Amino acid sequence: MSRRRTVRVEDLVGQPVHAPDGRVAGRIEEIRVHRHGDAYEVTEYLLGTGALFERLALARVWFRHRPAMRRARWDQIDISHPERPRLLCAPEQLTRE
């Protein structure tokens with residue numbers, strides 16, 4: 001049985017994501033969702049400076065090349081404690097852009 005829990009976006013954005021070894025893999029700067037009727041499901045989290053500039057729509061204005069960003073699938077981050085999200089895989093397994 002799957003247990004659903006509501007976590008507010010503002011509680012996650014800006015939070016550092018800690019890897020299993022304790023290192024910070026990046027901060028959650030953007031959350032992508034997919035709509036299913038009246039519900040929304042998180043598909044991925046964007047981490048790092050590049051994600052921050054993308055969220056603020058500054059990447060294309062200020063930079064020729066977007067700063068580094070990591071993409072984590074919804075199942076690669078544990079948000080059961082929104083004040084301290086944890087990466088469930090090695091940072092090297094995240095998609096880099």
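Residues in the range 22-51 that are in a strand (DSSP E or B) and among the hydroxyl-bearing types (Ser, Thr, Tyr) were compared, and the one that is farthest from GLU83 (Cα to Cα) is TYR40. Scanning the range 28-54 for residues that are surrounded by fewer than 19 Cβ atoms within 10 Å (Cβ to Cβ) and touching a residue at least 24 places away in the same chain (Cβ under 8 Å) returns GLU41, VAL42, THR43.
Do you know which of the residues in the range 5-52 that are among the acidic types (Asp, Glu) and under 22 Å from GLN93 (Cβ atoms) is farthest from the chain's Cα centre (by Cα)? Residue satisfying both the conditions and the ranking: ASP21. The set of residues in the range 77-92 being over 11 Å from PRO20 (Cβ atoms) and either among the acidic types (Asp, Glu) or in a helix (DSSP H, G or I) (or both) consists of GLU83, GLU92.
Of the residues examined, GLU30 is one that is of a type in the set (Asp, Glu), in contact with an Asp or Glu (Cβ under 9 Å, 6 or more places away or on another chain) and within 25 Å of GLU97 (Cα to Cα).
A short reminder: the numbers here are calculations on the coordinates, not readings from a lab. For clarity, every value in this text was computed on a predicted model and none was experimentally measured. Counting neighbours? That spans all protein chains shown, and the Cβs are built from the backbone with ideal geometry, glycine included.
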